[in-house]
1. Given ARG43, ARG23, ARG55, which one is open to solvent by 40 Å² or more (accessible area, probe 1.4 Å) and within 10 Å of the chain's Cα centre (by Cα)?
2. Is it fair to say MET62 is open to solvent by less than 70 Å² (accessible area, probe 1.4 Å) and modelled with pLDDT under 95?
3. Write out, first by first residue and then by second, each pair whose Cβ atoms fall under 8 Å of each other, whose residues are 6+ apart or on separate chains, and whose first residue, in the range 24-41, is over 15 Å from LYS63 (Cβ atoms) while the second is in a loop (DSSP other than H, G, I, E, B) and open to solvent by 70 Å² or more (accessible area, probe 1.4 Å).
Amino acid sequence: MDTPPTTLNIAHYPQLALIAWSRQPDDEITAEEAFGLYESNWRFVDQDGLGQEERELIAALMKTYGNGLMNV
């Protein structure tokens with residue numbers, strides 16, 4: 001995945017769903033909002049529990065919104 005989708009369904013990404021606990025599971029959020037959630041809550045993400053699709057999403061988010069980095 002080179003660029004992330006414009007919006008994301010929280011339920012499609014298990015670790016995102018865990019860190020977005022205050023939202024409804026099938027809410028749609030922007031990719032930039034998802035990057036912010038991953039970045040600010042990275043300590044709660046089970047990195048070993050990330051599937052390939054979610055890893056690719058995070059890499060695309062970092063490239064697009066973090067200039068290749070995540071401030072964690």
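The values are calculated or read from the model by the stated rules, or taken from the named source; none is laboratory data. Model, not experiment: these values are computed from the prediction. FYI the Cβ positions are ideal-geometry reconstructions off the backbone, even for glycines, and counts take in every protein chain you see. These area figures cover heavy atoms from the full protein model, side chains too; ligands, DNA and RNA do not enter into them. Shrake-Rupley method; radii C 1.70, N 1.55, O 1.52, S 1.80 Å.
1. Working: ARG43 fails: within 10 Å of the chain's Cα centre (by Cα); ARG23 fails: within 10 Å of the chain's Cα centre (by Cα).
Going through ARG43, ARG23, ARG55 in turn, the sole match is ARG55.
2. Spelling it out, it is not the case that MET62 is open to solvent by less than 70 Å² (accessible area, probe 1.4 Å) and modelled with pLDDT under 95.
3. Listed pairs, sorted by first residue: ILE29/ARG23; THR30/THR6.
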